[in-house]
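See structure below.
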Amino acid sequence: MTSKCQRYKKRVSLNMGETEQRPTAGSRLGAQENAGISTLEHGQKPPMTPPGKLVSIKIQMLDDTQETFDVPQRAPGKVLHDAVCNHLNLVEGDYFGLEFPDHKKMMVWLDLLKPVMKQIRRPKHVVVKFVVKFFPPDHAQLQEELTRYLFALQVKQDLAQGRLTCNDTSTALLISHIVQSEIGDFDETIDREHLAKNKYIPQQEALEDKIMEFHRNHMGQTPAESDFQLLEIARRLEMYGIRLHPAKDREGTKINLAVANTGILVFQGHTKINAFNWAKVRKLSFKRKRFLIKLRPDVNSSFQDTLEFLMASRDFCKSFWKICVEHHAFFRLFEEPKPKPKPVLFSRGSSFRFSGRTQKQVLDYVKEGGHKKVQFERKHSKIHSIRSLTAQPSEQHSEVPKQSSSFAFGDDNDAAVVQSCRQGKELKASTEDTGQRRSPSLKKSPKESRKVDGAVVSTVEEEEEATKDRMQNRPQSQQPSTAGSLTGSPHLSELSINSQGGPSVANMSLSPNLSPDAKQSSPLISPLLNDPSCIRTDDEEEVKRKRFPTEKAYFIAKEVATTERTYLKDLEVITSWFQSAVSKEDCMPEILKNLIFSNFEPLHKFHTGFLKEIEQRLALWEGRSNAHIKGDYQRIGDVMLKNIQSMKQLTVHLWKHNEVLMELENGIKNSRKLETFCRDFELQKVCYLPLNTFLLRPLHRLMHYKQIMERLCKHYPPNHIDFRDSRAALAEISEMVAQLHGNMIKMENFQKLHELKKDLIGIDNLVIPGREFIRLGSLSKLSGKGLQQRMFFLFNDILLYTSRGLTASNQFKVHGHLPLYGMTIEESEEEWGVAHCLTLRGQHQSIIVAASTRAEMNKWTEDIQMAIDLAEKSSGPAPELLASSPPDNKDPLSVSDCTSLPAGLISDQRPVSISYVCWYRMQSLSFYDILQSHENQLSGNLLRKFKNSNGWQKLWVVFTNFCMFFYKSHQDNHPLASLPLLGYSLTIPSESENIHKDYVFKLHFKSHVYYFRAESEYTFERWMEVIRSATSSASRTRALSHKESHAY
C-alpha cells in the first residue's frame, strides 16, 4: 500500500494538484512547473474533479514522447484534456483533441463530457494520442508560437505517415523548412548528416538534393518563421488536415468522406471530387450505417435534397457524424451550444453535442490577453527559440531593463533620476547560448542597436499589466528601483508589430501572438513618472484651482496655448529634425530641399512668436506677472485678430504645400535612396505620425483656429469687451479656411492614397488621377472556408479586399478586387443565415460579407451605394489599371512565394497605420471621419489612473489621428506611449467605482480600463467631445457632394 501511494505522489495528480519530479512534457518544452493555463473562459472555474480511485492514462505527445496522467475514475474527458493542456502551458488547446482506439480498434475522439473510464475500457493497454483536431483555414489565426510549433509537428507527422500527400517539389519544400527549424542555416555537411539520421518520408534519399537546394534559400530564418512558412505551404495542399473515412455512394462506388473547416468533402482516392459547404448544409444525420446530408434548396444545383452515403458500420457512421457536428460548431458558431433539455418520457436520437469553446471564443480570449505566456524550447531543434516571433531580451536584462540616455526629459526633472537613467545599458535583443547555433536574423547591425537603445515607447495596455505585476511581486516597504524601463520598439504604437524578429512592441490585448512575452515595465510607470514630484495630492489641486481663473474664456485661451505648443513641436519635426537628417545624407535634390524648408521655416518662425505672445497674455490673465491688472488683459480675441491678420501674409506658403507633398512623393518614387531615407526617418521616435501628416499640419491648424474662435464667439455676449475682436478674427480665419478648403481635401486624399499604398501588397498603381478614397475597415467574407476576417478598402471606382500578412512589414495582402461599375448591393441575412450580411454582385464576381454590428453594416451600405452611383455617373479609372496580380493568384507552391522574406524587410516599420487599428478592433473609418478628426485635435495636461492603482499621474496628452499620445511634459520631443481609441468606450465612472473626484472620464476596451481627470468643467467637456469622435465615428451622410470631389 505504501509503495502504491508513493507511485501516485510521483505522477501528476489531478486530485491533489501535485506535480511529478521527473522530467515532463512541459519541462522538455521549457515550460515552468505549475504555470499551466486553463482553456476555460476568464473567470470560469474548472470542472469539479470527482473524488475516487485514480487511473493512469498514457498520453503520446506530438513530439513522440509519452506522459502519464492520473485521473479519477469518474472524471469526464475534459479533465484529462485540460490536464494535458495545462501541462504543456498551451493556451489554444481547443484546436487539439485526444484520440484513442476503442474496443473495436477504431480510432475515436475522447468525448469531453463523458467519464474517461466509460470510453477507455482498458487504460493500461491503450495509448491516447494528443493531436490536432481542428485545422483553421488560416494559420495566422493561431495566436501562439507554441500552437504553431505543435501544428508544424502534426504536419511533420502526417508527412511521415503518408496522410499529407503532395508532389515531390512541395514535399521537398516542406521538409526544407522542417530542417531549417531543427538545425538552422544551410551547411552541406551538417544537412547530409541530419537527413541521413532523420527520415521525414519514405524513400527520402531521392529528394535529398532538392531538400538541400531549398534549404539553402532559408538563410536567417528563425524556427518560428520556419513553422509559419511550413504551415503557409501545407494549408494550400488538398490533403492538409484531412482524415479520410471510407464510404460508398448510392451506386456503390467506393469513396472517402472527410470533414474540414469549410464543410464536408468527398474524395475518390486522394482526389477531391465534391464539397458541401456548411452554408449549403441544412441537416446532418445518420440511420444505422447510412450517413445523410440534407441540403438547402438551390434551383441552380443538380443535387438532390438529401444525399446518402453507406459506411462500414453504425459505429463508423456515428463517429463520423460526431466529428462533423463538432467541426460545424467549432468553426461556425459564436459560442458553445447549450445542452438540450432531457425528455420527460422517451429519448429520440443522440444527445451528443459539441463541448468546449468555439474558434471565435478562443480568438477573443487570446486577443484579450487574459493569460501569461512562458518560454519554451523545441525538442528537435538545436536553435534557441522562445514563444514569440520578436526578439526577446536576454535573461540577465529581462528582470530590470535599463533605460538609455537618449530619453528626452523636461527641464523640471529630478537630477538624480536623470543621472541614474544616463547610466543605463543597451538592452540586448536575444541570448546567445554557449554551444548553440544562432540565427543571423536575430543579430542586429550597429544602426539597429542604436534604435533599440533608448526606445522607451510602450503601450498603455502593457503598462497596466506591468503595474499589476510590480504591485504583486514587490513588498510594500520596498521603494521603486532607480533603473528606468525600456521596451523593444524603436517607436511606440499599440499595434507596432514585427514578426521577423525586429525590435517591436505589439498590443497585448489585440495581437498576443506577436508581442514580447516577457512583459517589460513601461516608462510611464518607471521611477521617472512614479517620482513623488509627479503625483499630485488633493491639497495641491485645491490650491491651484483657487489660484487660477475659472471663467470659460480663460480655458478657451488656454486651449489655444496648449494646442499651439503641440503644433510648434510638429513643425519642428520638419524644420529641425527632418532638415537636420537631410543635411547629413546626400539623398534629396537641392530643388526639393529649398521647396520644403523655404515654405516651413517662415511658418515656424511666425508661430514661435505667436505662442510666446499667447503665453504672455495667459500669464497676465492668471495674475502671475501683474496680479493687480484686471479687465484689459483678461481676453484673447485681440491677440488672435492681430496674429490671424499677420498669418494671411503667409498664405502663399500654405498654397505651396500641395506642391511640396506631390514633389516629395515623386522624388521618393524616382529615388530608392530617398525612399529608404524617408522610411528610416519615420522610424525615429520623434516622427510619431506618418511623415506626410506633418506636411499637412499647417492646414489642419487653420481649421482648429476656426473652431476655437467659433466657440469663443458663442460664449461671449455681444456687449463683451472681447466680442468685436473675436468676431473679426473668426471672419478672417473663416475666409482663409474657405480659400484653402478644396486644396486641403485634395491633398488629404493624395496623402491617404500614398499611406494605403505602403499598407498594401499586390497592387502597383493605387495612386492614379481620379481615384478617391472613401472607406476602409474590417469585414468578414463568406467563402468556401467559412467566415474569414478581411480588410476592405473602398474607392470611388473599385473595392479591394485583403488579409493581414504575418510579415516583417505587416502589410495587407490583396486577395481580389471588384469594379464598382454595374455593381449591386443587397442585404442577405436570411439567405445565408449570417447576421449583418451583405451580398455584393459585380459584373464578373459576387462576394458575401458580414459586418460586426448593424451600425457598421449601415455605414458600408451607404458608402458602397454612394460609390456605385459615382462610378456610374463618371467613366472613372478602368479596372485594368490594377496591374499587379493579387498574391493569391500566383502558384501557391512556387519557391519564390513560399520561401522566407529577406531579412532586410525587418527595418520597414512605420508609425502605426490606422488600417491596423481597424483590423484589430473590427472597426471602419470613412474619409469624412478622417477629415473631421483634424478639427478634433486637443493637447493638455491630464491626470491618469489605472483600474487597480491608487494615485493619479500627471501627463501631457496629445490627441490626434484617433489616438492619445502620452508625454511626461510638453517639452518632450517624443511620446512615451500611445493608445489608439477606435473601439474604446467612453463613459463617466459610476458610484460603485469609488472615483470621488470631479471631471473624471473613463475609457475601457474589454479588460482594459483607464480613468482620466481634467482640471475644469470646460476641459472635461472638450476631452469628452474629441474622444467621443474617435471612439464612435458618426454615421455619415454624404460627406462630399459630387461637386466637392477631391480627385486631383
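Bear in mind that the values in this text are calculations on the coordinates, not laboratory data. Fair warning: this is a prediction, and the values are worked out from it, not measured in the lab. With ideal geometry, Cβ positions are generated from the backbone for all residues, glycine too; neighbour counts draw on all protein chains shown.
Protection proxy ranking of 778-789, 72-83, 160-171, by the mean of other Cβ atoms within 10 Å over each peptide's residues and highest first, is 72-83, 778-789, 160-171.
Projected label points at residue 294 and residue 993, each 7 Å from Cα along the beta carbon direction, are separated by 5.0 nanometres. Spacing of the modelled spin labels on residue 126 and residue 616, each 7 Å from Cα toward Cβ, amounts to 8.9 nm.
Backbone N atoms of the range 771-793 closer than 11 Å to the 7 Å Cα→Cβ label point of residue 874 belong to residues 771-773. With the simple model of a label 7 Å out from the Cα in the direction of the Cβ, residue 282 to residue 845 spans 3.1 nm.
Sorting check: for 670-679, 554-563, which peptide has the highest mean count of neighbouring beta carbons within 10 Å, and how do the rest follow? Please report the intermediate quantities before stating the final value.
Details: 670-679: 15.9, 554-563: 21.2.
Final packing ranking: 554-563, 670-679.
Extension gain for residue 217-residue 107 works out to 35.6 nm (0.36 nm per residue, less the C-alpha to C-alpha distance). Residue 783's amide H: which non-local residues (gap 5+, or another chain) put their own amide H closer than 5 Å, with H modeled 1.01 Å from N in plane and none for Pro or chain starts? Sorted by chain and number, the residues that satisfy this are 788. When peptides 568-576, 587-595 are sorted by average Cβ neighbour count within 10 Å, with the highest value leading, the order is 568-576, 587-595. Once the Cβ-Cβ distance of residue 377 and residue 167 is raised to the sixth power relative to R0 = 25 Å, the FRET efficiency obtained is 0.15. The calculated FRET efficiency for residue 314 paired with residue 738, based on their beta-carbon distance and R0 = 45 Å, is about 0.05.
Around the amide H of residue 286, modelled in the peptide plane, lie the amide H atoms of 292, all under 5 Å away and 5 or more residues distant in sequence or on another chain. Shown is the FRET efficiency for residue 854 and residue 244, computed with R0 = 35 Å from the Cβ-Cβ distance and rounded to the nearest 0.05: 0.25.
At full extension, residue 655 and residue 829 could sit 57.7 nm farther apart than now, given 0.36 nm per residue minus the alpha carbon distance.
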